[in-house]
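Data block below; observations after.
The values are calculated or read from the model by the stated rules, or taken from the named source; none is laboratory data. It should be emphasised that the depicted structure is a prediction, and the values quoted were computed from it without experimental measurement. Ideal geometry is used to build each Cβ from the backbone, glycine not excepted, and the neighbour counts take in all protein chains shown.
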Amino acid sequence: MMRLRPYKPCDAEYIVKWCGNEYAFRQWSADRYPKFPITADNMNMYYGNNKENGGLWALTAFDETGVVGHLTMRFPKGNFDEVRFGFVIVDSEKRGRGYGKEMLSLAVKNAFEFVKVKKISLGVFENNTAALQCYKAVGFNVVETDKTESYNCLGETWKCIEMEILK
(Lines give C-alpha, C1' and ligand atoms only; values in the text may rest on other atoms or scores of the structure.)
Protein backbone atom coordinates (compact mmCIF):
# COMPACT_ATOMS: atom_id res chain seq x y z
CA MET A 1 0.00 0.00 0.00
CA MET A 2 1.49 3.31 -1.11
CA ARG A 3 1.46 6.39 1.09
CA LEU A 4 2.64 9.99 0.84
CA ARG A 5 4.65 11.84 3.44
CA PRO A 6 6.68 15.06 3.57
CA TYR A 7 10.01 14.81 1.79
CA LYS A 8 13.05 14.19 3.99
CA PRO A 9 16.61 15.13 2.99
CA CYS A 10 17.60 11.43 3.13
CA ASP A 11 15.10 10.73 0.29
CA ALA A 12 17.33 12.58 -2.17
CA GLU A 13 19.90 9.77 -2.28
CA TYR A 14 17.24 7.58 -3.94
CA ILE A 15 15.52 10.16 -6.15
CA VAL A 16 18.68 11.48 -7.83
CA LYS A 17 19.42 7.97 -9.16
CA TRP A 18 16.10 7.60 -11.02
CA CYS A 19 17.12 9.65 -14.07
CA GLY A 20 19.68 7.43 -15.77
CA ASN A 21 20.52 9.88 -18.53
CA GLU A 22 20.41 13.61 -19.15
CA TYR A 23 17.46 13.37 -21.53
CA ALA A 24 15.25 11.80 -18.84
CA PHE A 25 16.68 14.21 -16.27
CA ARG A 26 15.67 17.24 -18.36
CA GLN A 27 12.20 15.77 -18.96
CA TRP A 28 11.89 15.66 -15.18
CA SER A 29 13.55 18.93 -14.17
CA ALA A 30 13.70 21.11 -17.32
CA ASP A 31 16.27 23.80 -16.55
CA ARG A 32 15.82 23.93 -12.77
CA TYR A 33 19.23 22.37 -12.16
CA PRO A 34 22.23 23.74 -14.06
CA LYS A 35 24.05 20.43 -14.55
CA PHE A 36 23.56 16.69 -14.80
CA PRO A 37 23.89 14.52 -12.84
CA ILE A 38 22.84 16.10 -9.59
CA THR A 39 23.74 14.92 -6.13
CA ALA A 40 21.55 14.52 -3.07
CA ASP A 41 23.18 17.71 -1.75
CA ASN A 42 22.15 19.59 -4.92
CA MET A 43 18.55 18.46 -4.49
CA ASN A 44 18.44 19.32 -0.80
CA MET A 45 19.98 22.73 -1.45
CA TYR A 46 17.35 23.45 -4.13
CA TYR A 47 14.53 22.48 -1.76
CA GLY A 48 16.17 24.32 1.14
CA ASN A 49 16.32 27.52 -0.91
CA ASN A 50 12.64 27.21 -1.86
CA LYS A 51 11.47 26.13 1.60
CA GLU A 52 11.97 29.59 3.08
CA ASN A 53 8.97 31.07 1.24
CA GLY A 54 6.70 28.20 2.32
CA GLY A 55 5.31 27.88 -1.18
CA LEU A 56 6.84 24.53 -2.14
CA TRP A 57 5.93 21.22 -0.55
CA ALA A 58 7.99 18.24 -1.54
CA LEU A 59 6.36 14.86 -1.00
CA THR A 60 7.73 11.34 -1.04
CA ALA A 61 5.75 8.23 -1.94
CA PHE A 62 6.68 5.04 -0.15
CA ASP A 63 5.46 1.51 0.37
CA GLU A 64 6.74 -1.59 2.12
CA THR A 65 9.76 -1.65 -0.23
CA GLY A 66 10.84 1.90 0.67
CA VAL A 67 10.87 5.16 -1.30
CA VAL A 68 9.10 4.70 -4.65
CA GLY A 69 8.16 8.18 -5.90
CA HIS A 70 8.35 11.91 -5.46
CA LEU A 71 6.56 15.12 -6.44
CA THR A 72 6.15 18.71 -5.38
CA MET A 73 3.12 20.92 -4.87
CA ARG A 74 3.08 24.69 -4.89
CA PHE A 75 0.63 27.56 -5.14
CA PRO A 76 1.30 29.31 -8.45
CA LYS A 77 1.35 33.10 -8.16
CA GLY A 78 -0.11 32.94 -4.63
CA ASN A 79 -3.43 31.55 -5.88
CA PHE A 80 -4.68 29.40 -3.00
CA ASP A 81 -7.46 27.85 -5.10
CA GLU A 82 -4.90 26.10 -7.30
CA VAL A 83 -1.98 23.82 -6.60
CA ARG A 84 0.62 22.95 -9.22
CA PHE A 85 2.39 19.59 -9.30
CA GLY A 86 6.01 19.39 -10.36
CA PHE A 87 9.11 17.19 -10.22
CA VAL A 88 6.89 14.10 -10.61
CA ILE A 89 9.05 10.98 -10.72
CA VAL A 90 8.84 7.27 -9.92
CA ASP A 91 11.66 4.86 -9.16
CA SER A 92 13.03 3.87 -12.57
CA GLU A 93 12.85 0.17 -11.65
CA LYS A 94 9.13 0.45 -10.85
CA ARG A 95 7.90 2.38 -13.91
CA GLY A 96 5.16 0.93 -16.04
CA ARG A 97 3.53 -0.87 -13.10
CA GLY A 98 1.00 1.73 -11.93
CA TYR A 99 3.15 3.43 -9.29
CA GLY A 100 2.90 6.84 -10.96
CA LYS A 101 -0.86 6.62 -11.28
CA GLU A 102 -1.22 5.55 -7.66
CA MET A 103 1.09 8.29 -6.37
CA LEU A 104 -0.66 10.99 -8.41
CA SER A 105 -4.10 9.74 -7.33
CA LEU A 106 -3.02 10.07 -3.69
CA ALA A 107 -1.64 13.56 -4.32
CA VAL A 108 -4.83 14.64 -6.13
CA LYS A 109 -6.95 13.37 -3.23
CA ASN A 110 -4.69 15.18 -0.76
CA ALA A 111 -4.89 18.45 -2.71
CA PHE A 112 -8.68 18.39 -3.02
CA GLU A 113 -9.59 17.02 0.42
CA PHE A 114 -6.94 18.53 2.69
CA VAL A 115 -5.51 21.55 0.89
CA LYS A 116 -9.03 22.36 -0.37
CA VAL A 117 -8.01 23.56 -3.83
CA LYS A 118 -10.41 23.80 -6.74
CA LYS A 119 -7.85 23.07 -9.44
CA ILE A 120 -4.61 21.12 -9.84
CA SER A 121 -2.33 21.96 -12.74
CA LEU A 122 0.93 20.69 -14.16
CA GLY A 123 3.10 20.95 -17.22
CA VAL A 124 4.58 18.05 -19.17
CA PHE A 125 6.91 18.11 -22.14
CA GLU A 126 5.27 16.90 -25.33
CA ASN A 127 8.16 14.44 -25.78
CA ASN A 128 7.34 12.71 -22.48
CA THR A 129 4.54 10.47 -23.74
CA ALA A 130 4.66 8.03 -20.81
CA ALA A 131 4.08 10.85 -18.32
CA LEU A 132 1.38 12.38 -20.51
CA GLN A 133 -0.51 9.07 -20.61
CA CYS A 134 -0.14 8.65 -16.84
CA TYR A 135 -1.56 12.12 -16.18
CA LYS A 136 -4.50 11.45 -18.48
CA ALA A 137 -5.16 8.14 -16.71
CA VAL A 138 -5.41 10.00 -13.39
CA GLY A 139 -7.95 12.46 -14.87
CA PHE A 140 -5.85 15.41 -16.02
CA ASN A 141 -6.99 17.11 -19.21
CA VAL A 142 -4.95 19.06 -21.74
CA VAL A 143 -5.67 22.79 -21.56
CA GLU A 144 -5.29 25.15 -24.50
CA THR A 145 -3.36 28.29 -23.55
CA ASP A 146 -2.64 31.58 -25.32
CA LYS A 147 1.09 31.05 -24.94
CA THR A 148 2.93 27.74 -25.14
CA GLU A 149 5.68 27.45 -22.54
CA SER A 150 8.93 26.07 -23.91
CA TYR A 151 12.43 25.34 -22.65
CA ASN A 152 15.79 24.98 -24.34
CA CYS A 153 17.01 21.51 -23.40
CA LEU A 154 19.96 19.67 -24.90
CA GLY A 155 20.12 22.01 -27.88
CA GLU A 156 16.43 21.61 -28.69
CA THR A 157 13.29 23.60 -27.90
CA TRP A 158 10.88 21.46 -25.91
CA LYS A 159 7.24 22.53 -25.77
CA CYS A 160 5.27 22.08 -22.60
CA ILE A 161 1.70 20.81 -22.54
CA GLU A 162 -0.47 22.40 -19.86
CA MET A 163 -2.81 20.04 -18.00
CA GLU A 164 -5.35 20.42 -15.21
CA ILE A 165 -7.91 18.56 -13.18
CA LEU A 166 -10.84 20.34 -11.57
CA LYS A 167 -12.64 19.38 -8.39
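See the values below:
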| read-out | value |
| --- | --- |
| Positions within region 9-31 being over 14 Å from HIS70 (Cβ atoms) and either assigned to a loop (DSSP other than H, G, I, E, B) or in contact with a strand residue (DSSP E or B) (Cβ under 6 Å, 6 or more places away or on another chain) (or both), in sequence order | GLY20, ASN21, ARG26, GLN27, ALA30, ASP31 |
| Given (1) touching a Cys at 6+ places or on another chain (Cβ under 8 Å); (2) loosely packed, with under 15 Cβ neighbours inside 10 Å; (3) in a strand (DSSP E or B), number of the condition LYS159 does not satisfy | (1) |
| ARG84, sole failed condition from (1) in a helix (DSSP H, G or I); (2) touching a Pro at 6+ places or on another chain (Cβ under 6 Å) | (1) |
| Selection from region 140-167 of residues that are under 18 Å from ASP81 (Cβ atoms) and modelled with pLDDT of 95 or more | PHE140, ASN141, VAL143, GLU162, MET163, GLU164, ILE165, LEU166 |
| Search result, residues across region 106-142 that are assigned to a strand (DSSP E or B) and either under 14 Å from the mean Cα position of the chain (by Cα) or among the basic types (Lys, Arg) (or both) | LYS119, ILE120, SER121, LEU122, GLY123, VAL124, PHE125 |
| Members of region 36-55 found to be surrounded by 19 or more Cβ atoms within 10 Å (Cβ to Cβ) and touching a Ser or Thr at 6+ places or on another chain (Cβ under 9 Å), listed by number | ILE38 |
| Matching option when the condition is polar (S, T, N, Q), surrounded by 12 or more Cβ atoms within 10 Å (Cβ to Cβ) and within 14 Å of TYR23 (Cα to Cα), among ASN152, ASN127 | ASN127 |
| Some residue of region 112-129 being in contact with a Gly (Cβ under 9 Å, 6 or more places away or on another chain) and closer than 27 Å to GLU13 by Cα | yes |
| Those residues of region 133-155 which are in contact (Cβ under 8 Å) with a residue 12 or more places away in the chain and under 11 Å from GLY100 (Cα atoms), in sequence order | CYS134, TYR135, ALA137, VAL138 |
| Extreme residue, surrounded by the most Cβ atoms within 10 Å (Cβ to Cβ), among residues of region 70-100 that are out of contact with any Leu (no Cβ under 8 Å at 6 or more places or on another chain), touching a residue at least 40 places away in the same chain (Cβ under 8 Å) and under 20 Å from ILE120 (Cβ atoms) | VAL90 |
| Matching residues, region 1-30, being of a type in the set (Asp, Glu) and either within 14 Å of the chain's Cα centre (by Cα) or surrounded by 16 or more Cβ atoms within 10 Å (Cβ to Cβ) (or both) | ASP11 |
